[in-house]
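Take a look at the structure set out below.
Rule-based calculations on the coordinates, nothing more; no lab input. In this text the structure is predicted, and so the values were computed from the model without any measurement. Positions of Cβ are backbone-derived with ideal geometry, glycine not excepted, and every protein chain shown enters the neighbour counts.
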Amino acid sequence: MSPPSRDKQFASPSEFLEEIRLAFAVKGADVDLTENEMHRLTNEDMMRLGIPPPDPRDPYGLVIENLVERVSAGFQSRYQVDPREGCAFGALEHPSVNARCFRSSNGLYAIVIQDGLMNLLHKRTKLLTAALDPSTVVYCNRKPTEELTSQELREWAHELGEIYRVTGVTKGAMVKLKSDASASATHLLTMCEAFVLGHEIGHMVAGHMQDDSLLVADEVVPWLHFLPENAQHKFEFEADDYGFSAMEVSVSSTPKPLLLAALLSIFTTMSLIGMGYQQSETHPGWWQRVQRAVARHFSLETAELIRRWIDERDEQAGIAALDTAH
């Protein structure tokens, strides 16, 4: 069967999404993201809480569905727009895509987030949470929990990104946390996921993709077109504002320091998987995007402390930044 042409008209966003998922599935991305003991412990917890286990054919489908509902409610309240009108959302299992908004020739949209990116955010968030207090770890796939240190947990979180960037697979250290720490990690993770989703929605609702001349063909599925990431400073900065807004509404009554931690977590994760540090004429670097977002949504004082934390490795400046994030 020949692939659809760029000019194919889709009857609905859901039809467009299913065609996208089929096209990438045909290309083959057989990635095993499970680990037996961690899988068993997680399933036990879910059964105890009465939560149905994820569908192995679409493990992040329900997560994205719930996230879309939460973020869409916030967009309706703040911007009087429902992102679900004219757009379908779903998970995708293919290492060539992290998160992307596609536009069909007849003006329909589909936003996909790669399973591997979701898994990377999940595992990295838990490792960083564990690094704050290693005693909250009840299981680790690498060594006895009583031997864990904050330094190695941070190093393992960094390693996850390096492995993902090279292989497209999320493998490495994994931890299971005590309930309170797990709840904190879940809040942080939800905000990171919401930023990714809100950023892609931002490109759509801001009209960045309405000009066909700005779109490029996907390398794996050439009949699909999208706005290349970081193509224009203005577009990326605007989409970041929508991403931050999505973070704010994703978890009710979120303290500002936690919003700052989530913002830094998502951008440092993106830096690990290939987003450049320095800006170019056409591409804003991740550090420029962080600086702008912190100065815009927190304060210039907080932005300067974050600069010292990242550029000068000043850990005390990082701690002070959280204190100023009000």
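Descriptive notes on the structure:
- Remark: the stretch 289-297, residue by residue, has Karplus-estimated 3J(HN,Hα) of 5, 5, 4, 5, 5, 5, 5, 6, 9 Hz, where x stands for each Gly or Pro and the curve is 6.51 cos²θ - 1.76 cosθ + 1.60 at θ = phi - 60°.
- GLU147 paired with LYS256, simple spin-label distance in nm, labels 7 Å along Cα-to-beta-carbon: 4.4 nm
- Choice from TRP309, TRP287, TRP156 with maximal GNM fluctuation in the chain (Cα, 10 Å cutoff): TRP309
- Count Lys and Arg as plus one, Asp and Glu as minus one, and take only other residues whose Cβ is under 14 Å from that of THR269; the net charge is then +3.
- Full extension of the chain segment joining SER213 with ARG308 gains 30.2 nm, where the gain is 0.36 nm per residue of separation less the Cα-Cα distance.
- With a cut-off of 11 Å between beta carbons, the residues surrounding ARG84 carry a summed charge of -4, where Lys and Arg count +1 and Asp and Glu -1.
- Sequence-distant aspartates and glutamates (8 or more away, or on other chains) whose Cα lies within less than 18 Å of LYS234: GLU200, ASP211, ASP212, GLU281
- Mean Cα-pair separation over length for the chain, i.e. relative contact order, pairs under 8 Å, 6 or more apart, %: 16 percent
- Within straight-line cross-link reach of LYS256, lysines at Cα separation under 21 Å, skipping those fewer than 8 residues along the same chain: LYS126
- In order through the stretch 179-191: 3J(HN,Hα) via Karplus (6.51 cos²θ - 1.76 cosθ + 1.60), integer Hz, x for Gly, Pro: 4, 5, 5, 5, 5, 5, 5, 5, 4, 5, 4, 4, 5
- Tensor-based shape of the chain (alpha-carbon gyration tensor, a/c under 1.5 rounded, otherwise prolate or oblate): oblate
- Under 20 Å from the Cα of LYS123 - lysines, other chains or at least 8 residues apart: LYS143, LYS171, LYS176, LYS178
- Net charge of neighbours whose Cβ lies under 10 Å from the Cβ of ARG100, counting Lys and Arg as +1 and Asp and Glu as -1: -3
- By the count of other C-beta atoms within 10 Å, a proxy for reagent exposure, TYR164, TYR79 are ordered fewest to most as TYR79, TYR164.
- Amide H contacts under 5 Å for VAL138, placed H, 5+ residues apart: LYS176, LEU177, LYS178
- 3J(HN,Hα) along the stretch 198-210, derived from phi through the Karplus expression 6.51 cos²θ - 1.76 cosθ + 1.60 where θ = phi - 60°, amounts to x, 4, 5, 4, x, 4, 6, 6, 7, x, 5, 9, 6 Hz, with x in place of Gly and Pro.
- Around the Cα centre of the chain, unit charges on the Cβ atoms of Lys, Arg, Asp and Glu (plus for the first two, minus for the last two) sum to a dipole of about 160 debye.
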